[in-house]
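Below you'll find the structure, written out as structure tokens, and then a few comments.
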Amino acid sequence: MFRISSGNHQRLSDMADNKAHIMISTNSIILSVTLSVLLRKLEDNPHLIIPTLILLVICVVTMVFSILATRPTVPPGTFTHEDIEQKKVNLLFFGNFYRMALPDYVEGMQNMMEDRDFLYGSLIRDLYSQGVVLGRKYRLLRVAYNVFMFGIIASVLAFVIASAVVAL
């Protein structure tokens, strides 16, 4: 059960990272094209300034939320003997031990493996932590996708309105 759940969480995390990468790439292309082509033409077409600014802001905001979705949060990387005695530390997540000396980590792991409650409690905490991280990623991605979707609609409408006003 733990192995399957953890694998599912890893696949969902990979999917979220891929979605964020798509959003970052797409908006980078839009930004690059807008900055290199459209900004030069704004002097001749001042009516396009507001739609262009809307598009640029939407792309930047979308990219920020996409980057936040993939930005890692890593704990301090240490634990104490008291953390082990109180069964507070999750030794299964690298962020809780990556700055520890190997002998301290080995001792902590041996204590955990000898205590069934500590071991299963750690597995449960690890699975829960993965779920919390996934929830955060998907919330941020949802914001990025919503900003992008509604922003593109607003940008296109702004370009259409600006062009229509000039045509009159």
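For every residue, the table says whether it meets (1) within 27 Å of residue 96 (Cβ to Cβ); (2) of a type outside the set (A, V, I, L, M, F, W, C); (3) in contact (Cβ under 8 Å) with a residue 60 or more places away in the chain.
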| site | (1), (2), (3) |
| --- | --- |
| 3 | yes, yes, no |
| 8 | yes, yes, no |
| 13 | yes, yes, yes |
| 44 | no, yes, no |
| 48 | no, no, yes |
| 54 | no, no, yes |
| 67 | yes, no, no |
Breaking point among (1) touching a Leu at 6+ places or on another chain (Cβ under 7 Å); (2) within 27 Å of residue 15 (Cα to Cα), for residue 108: (2)
Residues of the stretch 105-123 that turn out to be touching a residue at least 24 places away in the same chain (Cβ under 8 Å) and either surrounded by 12 or more Cβ atoms within 10 Å (Cβ to Cβ) or not charged (D, E, K, R) (or both), as a count: 8
For the stretch 89-97, does any single residue satisfy the condition of being surrounded by fewer than 13 Cβ atoms within 10 Å (Cβ to Cβ) and among the polar types (S, T, N, Q)? no
Complete set of residues in the stretch 42-72 that are closer than 12 Å to residue 140 by Cβ and exposed (fewer than 14 other Cβ atoms within 10 Å of the Cβ): 71
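Matching residues to (1) under 30 Å from residue 29 (Cβ atoms); (2) not basic (Lys, Arg); (3) not in a loop (DSSP other than H, G, I, E, B):
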| position | (1), (2), (3) |
| --- | --- |
| 91 | no, yes, no |
| 106 | no, yes, yes |
| 121 | no, yes, yes |
| 162 | yes, yes, yes |
| 166 | yes, yes, yes |
Within the stretch 134-154, restricting attention to residues that are among the β-branched types (Val, Ile, Thr) and surrounded by 15 or more Cβ atoms within 10 Å (Cβ to Cβ), which residue is nearest to residue 95 (Cα to Cα)? 143
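A short reminder: the numbers here are calculations on the coordinates, not readings from a lab. In this text, all values refer to a predicted model and were calculated from it rather than measured experimentally. Because the Cβ atoms are built from the backbone with ideal geometry, glycine has one as well, and the counts that use them run over all protein chains shown.
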